[in-house]
Amino acid sequence: MSPSSRKSHITNHDNPIDPRPRPKNEKLGGDAGRNRKYNMTEVLTPASSPVQPAPKSATEIAEQILGRIDWMTPTEGYCDCPGQNRHSNKSSRRDCAVYLDHTPTLHCVHHSCENIITATNKKLRDAILRGKPAEARRITAEDKARKRERDDSERVRLRAAKALPQVLKEFAWPYQQIVASSPTSITGNEPEHWKLLLQKFETNDVVWIGDKFDSGRSEHAKHFKPAGEWLKHRAAPAPFICPVAFKNTSCARSNDNLVARRFLVVESDTLSRDAAGAVFRWLHEGCDLKLVAIVDTAGKSLHGWFEFEEDLLDDLKLVLPAFQCDPKLFTASQPVRLPGALRDGMAGKYQKLVYLSPKASHV
Ligand SMILES: [Zn+2]
């Protein structure tokens, strides 16, 4: 589906920051009157994706030609534009996208680098499609349709990037205000924070809690337990958690072991904590993404935990990177910091909740 025909309210306005009108009783932290349109607990079925994963060699060839690529999906990523020094406007890391799902294609939002992009596309296709049958080399109507879709996506990205300063202003939510507006009182009991967050899962959800490398071997099975079991521990069991439910036979955080995505965790390495607050508030008030918790990682960043909305994922993948938020958290099995655990084992330095929605109804 092309971004222009999506019905979601993140990008279907002329301006991507225009929030939908909301009833007055739906303020931050308010639970009342919400009509769920999406089934957040829907089980992911990655196999149904129409995108064919590219053979590994295609990504390697692309990286040889283009340098470092930040992969968003197995076949889509961003790289530095090879014609960057010709850009007449300011360049950013997300201007130039690589697509390997069909005919290998490099696409840059700038026009001044067009000749270099055309030449690089030829080089990329020659290298990746070498030895493939002639029909694989032909640009089809489908390729042209994809290009139009990509152009639409790029326009949304550019518009979102331009809208960020306005979002930061109109949805300002500095750290101190976040703490003050938490619907659940959370100050003074930091060692208990992991339990409060875990209670937002279903009791039977098999949750991974561990250190970053506690995954992949049979002895790591003990890091996968139902939320109700974890809650019997006295203190935070480990510093990291995944915002998803796994199969009860898991010993690895792989997407194959995923049962359901429960939360989408949004973070930014570049925005200040106050600025990240504004993006969280925009997602909650402007996009109807339900804010569950905000975690202070005891480092530089804040993590916004939102109820997972499958239907909004495509739009969020376009808009959030333009808002300088981290796309790697779209990977379901990515571990994130567990509040209530000590940051790097440092005495007194807790990863902690700074905002928590009202008590969950299902635990
Ligand atoms: Zn370019």
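The values are calculated or read from the model by the stated rules, or taken from the named source; none is laboratory data. Keep in mind that this is a model prediction, so the values were computed, not measured. Methodologically, a virtual Cβ is constructed for each residue, glycine included, from the backbone with ideal geometry; neighbour enumeration extends over all protein chains shown.
Brief remarks follow.
- For the stretch 202-229, a residue qualifies if it is among the β-branched types (V, I, T) and within 24 Å of the chain's Cα centre (by Cα), and the qualifying residues are V206, V207, I209.
- Strands (runs of 3 or more DSSP E) wholly inside the stretch 243-323 that include at least 3 residues being under 17 Å from K200 (Cα atoms) and out of contact with any Asp or Glu (no Cβ under 6 Å at 6 or more places or on another chain): 258-261, 263-267, 291-296, 302-307
- Candidate set from the stretch 80-116 (those that are within 22 Å of K162 (Cβ to Cβ) and in contact with a Gly (Cβ under 9 Å, 6 or more places away or on another chain)); member that is farthest from the ligand (Cβ to nearest atom): A97
- Residue match in the stretch 205-227 (condition: closer than 23 Å to K352 by Cα, of a type outside the set (D, E), modelled with pLDDT of 95 or more and in a loop (DSSP other than H, G, I, E, B)): no
- Residue within the stretch 77-88 that is closer than 26 Å to F323 by Cα, surrounded by fewer than 15 Cβ atoms within 10 Å (Cβ to Cβ) and more than 27 Å from the chain's Cα centre (by Cα) present: yes
- Scanning the stretch 149-193 for residues that are surrounded by 16 or more Cβ atoms within 10 Å (Cβ to Cβ), of a type in the set (G, A, S) and closer than 30 Å to A298 by Cβ yields A160, A161, S182.
- None of L158, L124 is outside the structural domain of A62 (by TED's automatic domain parsing), away from the ligand (no atom under 12 Å from the Cβ) and in contact (Cβ under 8 Å) with a residue 60 or more places away in the chain except L158.
- Only one of the listed residues (R253, R281, R343) is basic (K, R) and under 30 Å from Q166 (Cβ atoms). That residue is R281.
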